[in-house]
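*Asks:* The structure is given below, and queries will be raised subsequently.
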Amino acid sequence: MYKVMLVDDEPIIVEGLSRSIPWEKWNCEVVAAANDGLEGKERIEQYKPNILFMDICMPEMDGLTLIAAIKSEYPDTEVCILTGFRDFEYAQKAIRLGVTRFLLKPSNMDELEEAISAMCENLKKKSITGEESTSAGEAEEKEGTAEGEGTSEVASHDGSGAQEDAAAQPHESASSSFIVKNALKYIESNYNQKLTLCEVAEKTYVSQWHLSKLLNRHTGQSFSDILNHCRIEHAKKLLEDPSLRIGDISDAVGFLDLAHFSRVFKKQEGMSANEWRNQKLGS
């Protein structure tokens, strides 16, 4: 049977959907429910539903980010938005990310049944019968890992990303791009902190394995390379102030010690930080 999950911060909605819809008519069963986005994400990882009904205005999580995370990491999951949030532009974005239906509360039974029929039909077209399936994140975990700075990362990019992108469905590509954009934005805003891949993955609501894969695929760089590049670019701006000591600049951009900063700077710029400063300032 197809596994259905309901996510809404109004318990009466969850109860109503669970009891009023004849799920067995479509070979479906409700296997889990959640009352906020974070709980929903945890249960999605646990139950891996085939069909998901969810609101987008809930505590603890941005709706679009959750949709992108689901469609990127579990691309075969069919998603129906059921919400009172009447924003046409928001609905367009959700559909671009791969949502099958966007229904406004209160929805009548005909609308709900049409959405279920459409999602079940999509699953059949993908040859999904309701049996257990492997998520994109689980498949990536099996590919092996390599050590990154402060965390583990998926093995280094081998050039297969372009082939994977070509094979990816448009919605999967859009959701993955959405996740990468948010991840890069978070790195840029928090580069001077003790930042790890695990933390950024939590903020984008995907597994660290999946995020590492996406970063490699979309940028050709590992998480550590992206973070170090961001830190060095900010360090270069600070180096233009001759009153700042290089050790203080290293601390300010998030490096734990000067030796590591020096190695990374020279690798990226081909010269030491002091040489770069002298060249920039013409001394």
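*Asks:* Among the candidates Lys48, Lys93, Lys71, which residue alone is outside the structural domain of Ser175 (by TED's automatic domain parsing) and at positive phi?
*Replies:* Lys48
*Asks:* Being crowded, with 18+ Cβ neighbours inside 10 Å and more than 16 Å from Ala118 (Cα to Cα) is the filter here, so list the residues in the stretch 6-30 that pass it.
*Replies:* Matches in the stretch 6-30: Leu6, Val7, Asp8, Ile13, Val14, Leu17, Val30.
*Asks:* Take the residues in the stretch 41-75 that are small (Gly, Ala, Ser) and at pLDDT 85 or above; name whichever of them is surrounded by the fewest Cβ atoms within 10 Å (Cβ to Cβ).
*Replies:* Selected residue: Ala69.
*Asks:* Output the residues belonging to the stretch 76-91 that are more than 17 Å from Ile13 (Cβ to Cβ), buried (at least 18 other Cβ atoms within 10 Å of the Cβ) and modelled with pLDDT under 90.
*Replies:* Ala91
*Asks:* Give all pairs with beta carbons closer than 6 Å in which a residue from the stretch 226-237 that is without any contact (Cβ under 8 Å) to a residue 40 or more places away in the chain meets a residue that is in a helix (DSSP H, G or I) and among the hydrophobic types (A, V, I, L, M, F, W, C); count only pairs at least 6 apart in sequence or on separate chains.
*Replies:* Sorted first by the residue in the stretch 226-237, then by its partner, the pairs are Ile232/Phe265; Ala235/Ile249.
*Asks:* Could you tell me whether Pro170 is within 30 Å of Ile12 (Cβ to Cβ), surrounded by fewer than 16 Cβ atoms within 10 Å (Cβ to Cβ) and at pLDDT below 85?
*Replies:* So Pro170 fails the test.
*Asks:* May I ask you to list pairs of residues, at least six apart or on different chains, whose Cβ atoms are under 7 Å apart, with the first in the stretch 95-115 being at pLDDT below 90 and the second being loosely packed, with under 13 Cβ neighbours inside 10 Å and of a type outside the set (Lys, Arg)?
*Replies:* Leu104/Gly84; Lys105/Gly84
*Asks:* Write out, first by first residue and then by second, each pair whose Cβ atoms fall under 8 Å of each other, whose residues are 6+ apart or on separate chains, and whose first residue, in the stretch 1-22, is in contact (Cβ under 8 Å) with a residue 40 or more places away in the chain and under 23 Å from Leu38 (Cβ atoms) while the second is surrounded by fewer than 19 Cβ atoms within 10 Å (Cβ to Cβ) and of a type in the set (Phe, Trp, Tyr).
*Replies:* Here the result reads Lys3/Tyr47; Val4/Trp23; Met5/Tyr47, each pair linking the stretch 1-22 to a residue that is surrounded by fewer than 19 Cβ atoms within 10 Å (Cβ to Cβ) and of a type in the set (Phe, Trp, Tyr).
The values are calculated or read from the model by the stated rules, or taken from the named source; none is laboratory data. As the structure is a prediction and not an experimental result, all values here were calculated from the model. Neighbour counts are summed over all protein chains in view; Cβ atoms, including those assigned to glycine, are modelled from backbone coordinates with ideal geometry.
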